[in-house]
Amino acid sequence: MAYLFHAGGAASQPLLDPWSHGIGVMKDVFFRWSELDLTQIGSFVAIASTVPTAWRFLQHTGRELYGWIRQCFLASVTIPGGDPLNRSVVKWILANRSRHSRSFTGRTKIGPSSDRAAALKKTQHPTQYCSHWHTRWLWYCGNIFVVTRAFDSFSSSLSDPSYDGVGGEDITISCFGWSAEPVKRFIEACREYADRQAQFFVIIYARDRYGLAWQPKARKPIRLLETVHFDKEVKQELLGDIRNYLDSKTQLRYQSRSMPYRRGYLFYGPPGTGKSSLSVAIAGEFGLDLYEVKIPSVGTDADLEQMFQEIPPRCVVLLEDIDAVWVDRSSSDSGSEGNHVQNCTLSGLLNVLDGVGSQEGRIVIMTTNHPEQLDSALIRPGRVDMKVYLGNISQKSAEEMFIRMFSPDLGCTSRLDMEQIQELAVQFASNVPEDTFTPSLLQGFFQHHLESPENAASNIAAWVKKELVKTSDKDFELITSKRKL
Ligand SMILES: Nc1ncnc2c1ncn2[C@@H]1O[C@H](COP(=O)(O)OP(=O)(O)OP(=O)(O)O)[C@@H](O)[C@H]1O
């Protein structure tokens, strides 16, 4: 086989032998290569090895140049991820995006359920696509803006199950020029846009599942105050008090007299009498967001303080069922913080409500079914400025509820006009015993008669009889006596 390695051995090879042909080509390449100047190869390798360094240098220079341009020619404002303003800007951008977006975030579409993780387990859901972007150039009111989202591993909101697809990362808005005024005007426009969008809704914020930040938990359509039935005079007094508190002059009056600008309310009464509904209705009436504080899930006093620090000044803070958290220290067996094991303490709460470092300007609403069990320090004036009793339904409220349920404006299938509905309402209410049933129980009755006011009016007497029998059988708790503080 020596002929295979012989340069001049073509005559001794089979003519079309591919093996020997391949070897020939390799030999050819080798001889040509061996003729190359080694210094040339060296320079080639040297040049190739500088490419990554040059690339890094170019990148660095680009960044420096961009930073320099930003410093000299761009004015910018950065909005932190958790701030409500962040969402307003992102919402504006999404609403004004080009129709030909090609980059999306895909995620499972969940209904208005608050527990996304639980909802995910239950059923198949459609996929929802949101426009996705990192840097966006915008033209607004004669200025070019560049909006950049800062994605980092810590604020990886896209992987957070409670993330609702809008906002979440720090964003920086920049525009060409020496002044940040155009950026501020743009941010203001975004805020107004978001406010207009939200005016028919109450945004309810809750702590995220890690307890690290406030997240919008639900967007509830505004509940009109007329739909929460309780003593009219008390309602007017309550509304007047809140209106007066929120008046811009009131803040100045408080401050000029060195009084803390805070207002606290306690809604008390049996379960199902509208304490939570009233809180949401108040937030809607005054255009405020509602922040839900769940004391049992707060880790420590420091966490509670942090939570309150992050709540904006103009909003409703709702502490529900406060009696289930701490009971009166004087009436508890242990004699200290009540008989419930808690992570954060009552004094921690008292501190954030009106301690030295507590924030001013918000409305704190506490709700309870057992006001008599509350620690007196918690409900003393300054922490609770007004106590509102919500009790069982009166005949007058039952009449109003009937009219609300069957108002001709609601498209009820009945052909009755308003006058006839009112007559039926009087007849209906005369069968409802005064201060006997909770409004939620009566609402349950209406839920079975929504199609026909006539049926509702004719069936109420039998329903009342049945419910009263149930009461005597102690099937449910009937609260007939008003427990006023
Ligand atoms: N006063 C009321 N007027 C109109 N609807 C009411 C009233 N009270 C209760 N309801 C209805 O009953 C249901 C329960 O009300 P809500 O949760 O506000 O009561 P609650 O007093 O907060 O109860 P709990 O003490 O158990 O939390 C709601 O659907 C609400 O519409």
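Tell me, please, whether a residue that is away from the ligand (no atom under 16 Å from the Cβ) and either of a type in the set (Gly, Ala, Ser) or assigned to a strand (DSSP E or B) (or both) can be found in segment 277-290. Yes, because at least one residue in segment 277-290 is away from the ligand (no atom under 16 Å from the Cβ) and either of a type in the set (Gly, Ala, Ser) or assigned to a strand (DSSP E or B) (or both).
From the residues in segment 314-341 that are modelled with pLDDT under 80 and surrounded by 16 or more Cβ atoms within 10 Å (Cβ to Cβ), which one is nearest to the chain's Cα centre (by Cα)? Here the answer is Val325. A Cβ distance below 9 Å, combined with a sequence gap of six or more or placement on separate chains, defines the contacts here; from segment 64-76, residues that are assigned to a helix (DSSP H, G or I) reach residues that are of a type outside the set (Phe, Trp, Tyr) and surrounded by 11 or more Cβ atoms within 10 Å (Cβ to Cβ) in the pairs Arg70/Ser76; Arg70/Ser174; Phe73/Gly177.
Residues checked against (1) touching a residue at least 12 places away in the same chain (Cβ under 8 Å); (2) surrounded by fewer than 12 Cβ atoms within 10 Å (Cβ to Cβ); (3) not hydroxyl-bearing (Ser, Thr, Tyr):
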position: Leu239; (1), (2), (3): yes, no, yes
position: Ile242; (1), (2), (3): yes, no, yes
position: Lys249; (1), (2), (3): no, yes, yes
position: Gln255; (1), (2), (3): no, no, yes
position: Ser258; (1), (2), (3): no, yes, no
position: Arg263; (1), (2), (3): yes, no, yes
position: Phe267; (1), (2), (3): yes, no, yes
position: Gly272; (1), (2), (3): yes, no, yes
position: Ser277; (1), (2), (3): yes, no, no
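Scanning segment 295-323 for residues that are out of contact with any helix residue (DSSP H, G or I) (no Cβ under 8 Å at 6 or more places or on another chain) and within 13 Å of the ligand (Cβ to nearest atom) gives a single hit, Asp321. Cβ-Cβ distances below 7 Å connect the following pairs, each with a first residue in segment 221-236 that is under 13 Å from Ser279 (Cβ atoms), a second residue that is acidic (Asp, Glu), and a separation of six or more residues or different chains: Leu225/Glu285. For segment 364-419, a residue qualifies if it is more than 15 Å from the ligand (Cβ to nearest atom), basic (Lys, Arg) and either surrounded by 13 or more Cβ atoms within 10 Å (Cβ to Cβ) or in the same structural domain as Leu353 (by TED's automatic domain parsing) (or both), and the qualifying residues are Arg380, Arg383. When segment 436-468 is filtered for residues that are surrounded by 15 or more Cβ atoms within 10 Å (Cβ to Cβ) and part of a loop (DSSP other than H, G, I, E, B), the ones remaining, listed by number, are Thr436, Phe437, Thr438, His449, Ser452.
The values are calculated or read from the model by the stated rules, or taken from the named source; none is laboratory data. Keep in mind that this is a model prediction, so the values were computed, not measured. Glycine gets a Cβ as well: all are built from the backbone with ideal geometry, and neighbour counts include every protein chain shown.
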